[in-house]
Amino acid sequence: MRQLWKSLLVFAVFCLFTLGTAANEQIRVYLDGKEIAFDTPPTIINDNTLVPMRAVFEALGAEVEWDGDKQCVTANRYGTEIKLFVGQNGLYRNYLYKYMPCPSQLINDRVYVPVRAIAESFGCHVDWCEESNAVAIFT
């Protein structure tokens, strides 16, 4: 519980420091306070923030495999396996199906995934700061 409060305090301070970012500016994603770099920018589709999957998986410390024939991504982190198929509204976490409100998608030759569903599947806490167009992930 103490860790959650600490994370929420860090997030509140983070939002205060990033206030003033215009709504049309790029979406930023932070992992434990450090910004994740993407080669193509995150996007919002139907109120869901989607990010290039390899960058977020690797930032979380996961090993990533891509099967282009099956359009399938598999990521492993600390004994947790996430498997998802492009275009489907769900993922498999250790072989158990979990619904995602937005499917993974191919955008600009990159697989984009809903950042909240991915991070939470690996046991992380995720917050959205609308004022600064930023996602904060806490491990």
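First obtain the Kirkwood hydrodynamic radius of region 98-139 from its Cα pairs, then insert it into the Stokes-Einstein equation at 25 °C and 0.890 mPa s, and state the resulting D in µm² per second as a whole number. Spell out each step's value before the answer.
On the way: Rh = 11.5 Å.
In µm²/s, the coefficient rounds to 214.
Grab the eigenvalues of the alpha-carbon gyration tensor for region 25-139, scale each by 5, take roots, and send me the semi-axes largest first in whole angstrom.
Semi-axes (√(5λ), whole Å): 20, 16, 13.
Quick one: what Rg and Dmax do you get for region 56-121 from the alpha carbons, in Å?
10.8, 31
Please report the net charge: other residues with Cβ closer than 15 Å to the Cβ of TYR92, K and R +1, D and E -1.
+1
Using θ = phi - 60° and the Karplus curve 6.51 cos²θ - 1.76 cosθ + 1.60, what whole-Hz ³J(HN,Hα) does each residue of region 92-97 get, with Gly and Pro shown as x?
With the stated coefficients, region 92-97 comes to 10, 10, 6, 6, 9, 6 Hz.
Could you sort GLU58, GLU120, GLU63 by their accessible area in this structure, using a 1.4 Å probe and putting the largest first?
Result of the area sort, largest leading: GLU63, GLU58, GLU120.
So, R0 is 25 Å and r is the distance between the beta-carbons of GLN26 and ASN76; what FRET efficiency does that work out to, to 0.05?
It comes out at approximately 0.25.
The values are calculated or read from the model by the stated rules, or taken from the named source; none is laboratory data. In this text the structure is predicted, and so the values were computed from the model without any measurement. Counting neighbours? That spans all protein chains shown, and the Cβs are built from the backbone with ideal geometry, glycine included. The area values use the complete protein model at the heavy-atom level, side chains included, leaving out ligands, DNA and RNA. Shrake-Rupley method; radii C 1.70, N 1.55, O 1.52, S 1.80 Å.
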